[in-house]
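K.L.:
Before we start, here is the structure in question, set down as structure tokens.
Just so it is clear, none of the values below were taken in a lab; they were calculated from the coordinates. If you're wondering where the values come from, they're calculated on a predicted model, not measured in any experiment. Here Cβ is always computed from backbone atoms with ideal geometry, including for glycine, and neighbour counts include all displayed protein chains.
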Ligand SMILES: [Zn+2]
């Protein structure tokens, strides 16, 4: 019996969607195969989940899974200055029972003519900013990033027949980015339903889920911990040390640390 199951797994391995080999080790590939087979068994509806590898997107993946979706996680290799978050995204996808995880290349770096952000260009990441962090748009804003990412997610959703897209934006404890607001999500939902063949031919209606939108960072962390999210696998820092350790002083680190404190929980990451 065990032998028969093993043969089935091997046969399915040849036909199931596989993550790019260079991004994942063998154990992750096995995990996706098992997760994908689970989704076939249960006929869960598919959802596309934007996964950066940070705290918010890891929680969003857990929420989408708990809501009964087979999660097709996508991350972007977009020319960001460090790649630790992509490694984190792979870890989080595997641990979060994603049906698959794809890393999509999209060059928004200064060398490609984009840049203009501290995350993609030779611009210093602000440290220990004081005052209302949501009061101005900081230099860590990446031009139109969430619009670009959601557009790719929409294309992927239409290609695989999914009508649900999850994004971990939050408008409470955030950095003041205009593409993290409810108005933006509402506008993109309207766009999705007039711009796609699947929507205009009545095959379905696209929903952009932003389950963290109205949650504070502490509420997000409590929700994630209740769902079993392992935050030691995540990466939030905009300016990590050479080994990937978080700086503890950029906006992202400070929002994260304040969130754990307010949630009365311990951040499992070791700060530089
Ligand atoms: Zn940091």
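K.L.:
I'd like to know if segment 252-267 contains one or more residues that are within 16 Å of residue 146 (Cβ to Cβ) and either within 16 Å of the ligand (Cβ to nearest atom) or surrounded by fewer than 20 Cβ atoms within 10 Å (Cβ to Cβ) (or both).
P.N.:
yes
K.L.:
Return the residues of segment 238-247 that are more than 20 Å from residue 170 (Cα to Cα) and either part of a helix (DSSP H, G or I) or within 8 Å of the ligand (Cβ to nearest atom) (or both); say none if nothing qualifies. Give the steps one after another, and end with the answer.
P.N.:
Taking segment 238-247 and keeping what is more than 20 Å from residue 170 (Cα to Cα), we get 239-247.
Passing the criteria: 239, 240, 246, 247.
K.L.:
Looking at (1) in contact (Cβ under 8 Å) with a residue 12 or more places away in the chain; (2) over 23 Å from residue 138 (Cβ atoms); (3) more than 16 Å from the ligand (Cβ to nearest atom), which is the one condition that is false for residue 202?
P.N.:
Looking at each condition in turn, residue 202 falls short on (1).
K.L.:
Can you find a residue that is more than 14 Å from the ligand (Cβ to nearest atom) and in contact with a strand residue (DSSP E or B) (Cβ under 7 Å, 6 or more places away or on another chain) anywhere in segment 177-184? Walk me through it before giving the result.
P.N.:
Taking segment 177-184 first, the residues more than 14 Å from the ligand (Cβ to nearest atom) are 177-184.
Still in the running and in contact with a strand residue (DSSP E or B) (Cβ under 7 Å, 6 or more places away or on another chain): none.
Within segment 177-184 (the criterion being more than 14 Å from the ligand (Cβ to nearest atom) and in contact with a strand residue (DSSP E or B) (Cβ under 7 Å, 6 or more places away or on another chain)), the answer is no, since none of the residues qualifies.
K.L.:
Here is a further query. Given the conditions (1) in contact with a helix residue (DSSP H, G or I) (Cβ under 7 Å, 6 or more places away or on another chain); (2) farther than 17 Å from residue 173 by Cα, and given that residue 123 satisfies all but one, which numbered condition is not satisfied?
P.N.:
(1)
K.L.:
List pairs: first in segment 229-241 and under 17 Å from residue 66 (Cβ atoms), second more than 7 Å from the ligand (Cβ to nearest atom) and in a loop (DSSP other than H, G, I, E, B), Cβ under 6 Å, 6+ apart or cross-chain?
P.N.:
Hits for this filter: 231/268.
K.L.:
Quick check on segment 109-121. Is at least one of its residues over 23 Å from residue 188 (Cβ atoms), under 21 Å from the mean Cα position of the chain (by Cα) and either within 16 Å of the ligand (Cβ to nearest atom) or in contact (Cβ under 8 Å) with a residue 60 or more places away in the chain (or both)?
P.N.:
yes
K.L.:
Another question, if that's okay. Being closer than 20 Å to residue 166 by Cα and either in contact with a helix residue (DSSP H, G or I) (Cβ under 9 Å, 6 or more places away or on another chain) or surrounded by fewer than 19 Cβ atoms within 10 Å (Cβ to Cβ) (or both) is the requirement here; does residue 100 meet it?
P.N.:
yes
K.L.:
Taking segment 63-73, which residues are touching a helix residue (DSSP H, G or I) at 6+ places or on another chain (Cβ under 6 Å) and in contact (Cβ under 8 Å) with a residue 60 or more places away in the chain? Don't jump to the end; show me each part of the working.
P.N.:
In the first step, residues of segment 63-73 are kept if they are touching a helix residue (DSSP H, G or I) at 6+ places or on another chain (Cβ under 6 Å); the result is 70-71, 73.
Selection gives 71 alone.
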